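Let me begin by presenting the structure, written as structure tokens, before commenting on it.
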Amino acid sequence: MAVAQRRGRRIMMTPAELDTFLTEQRTCRVATVSADGRPHVGALWFVWDGTSLWLYSLTRSRRWAELRGDPRIAVVVDDGEEYGELRGAELSGTAVFVGEAPRTGEPCPELDVPERLFAAKNFGMDSMPHDGRHAWLKLTPDAVASWDFRKL
């Protein structure tokens, strides 16, 4: 269960608003920690299933290697250009590796929903294309903080 947001309650998204926001957005910024403690942040496409954020990452990336050593992760999804339009969410917790790595399409029931959602959202397809270079990370957040400056 995610930790409740304490600060900024006035601009916090409701659960329904957060669910809609995460479902609509495509790009997030993923923060990981290297072995020497240095942070690393990179952009990545994702899909939200209503409970977890699913990240389709290159398996030969710095992100993947760092998460193998330390699975703690923070992800920011945001939107807006002008100050009064800014909205977003930070989700943090522990990344879980799901399915084979790299993903080749072997049957994995846990990936049925995220792959269907991801293929439709990002490729306009009914099924997930597999390139043998990417694999799945799942983040079921321990903590979520959100903001929507349009509420000010």
Practice problem: Set the Förster distance to 30 Å, then compute FRET efficiency between residue 85 and residue 125 from the Cβ-Cβ distance, nearest 0.05. | Solution: 0.45
Quiz item: For the range 133-151 and the range 70-122, what is the separation of their Cα centres, given in Å?
Solution: 7 Å
Practice problem: May I ask you to derive the relative contact order of the chain, considering only C-alpha pairs under 8 Å and at least 6 residues apart, and to give it as an integer percent? | Solution: 32 percent
Quiz item: To the nearest 20 debye, what is the magnitude of the charge dipole of the range 20-142 about its Cα centre, counting +1 on the Cβ of each Lys and Arg and -1 on the Cβ of each Asp and Glu?
Solution: 460 debye
Quiz item: From the backbone phi of the range 21-26, what are the Karplus-calculated ³J(HN,Hα) couplings (6.51 cos²θ - 1.76 cosθ + 1.60, θ = phi - 60°) in whole Hz, Gly and Pro given as x?
Solution: 4, 5, 5, 7, 6, 10
Practice problem: Determine the per residue accessible area of the range 1-101 with all protein chains present and a 1.4 angstrom probe, expressed in square angstrom. | Solution: 58 Å²
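The values are calculated or read from the model by the stated rules, or taken from the named source; none is laboratory data. This one's a predicted model, so the numbers in the text were calculated from it and none came from an experiment. Here Cβ is always computed from backbone atoms with ideal geometry, including for glycine, and neighbour counts include all displayed protein chains. Side chains included, ligands, DNA and RNA excluded: accessible areas come from the protein's heavy atoms. Shrake-Rupley method; radii C 1.70, N 1.55, O 1.52, S 1.80 Å.
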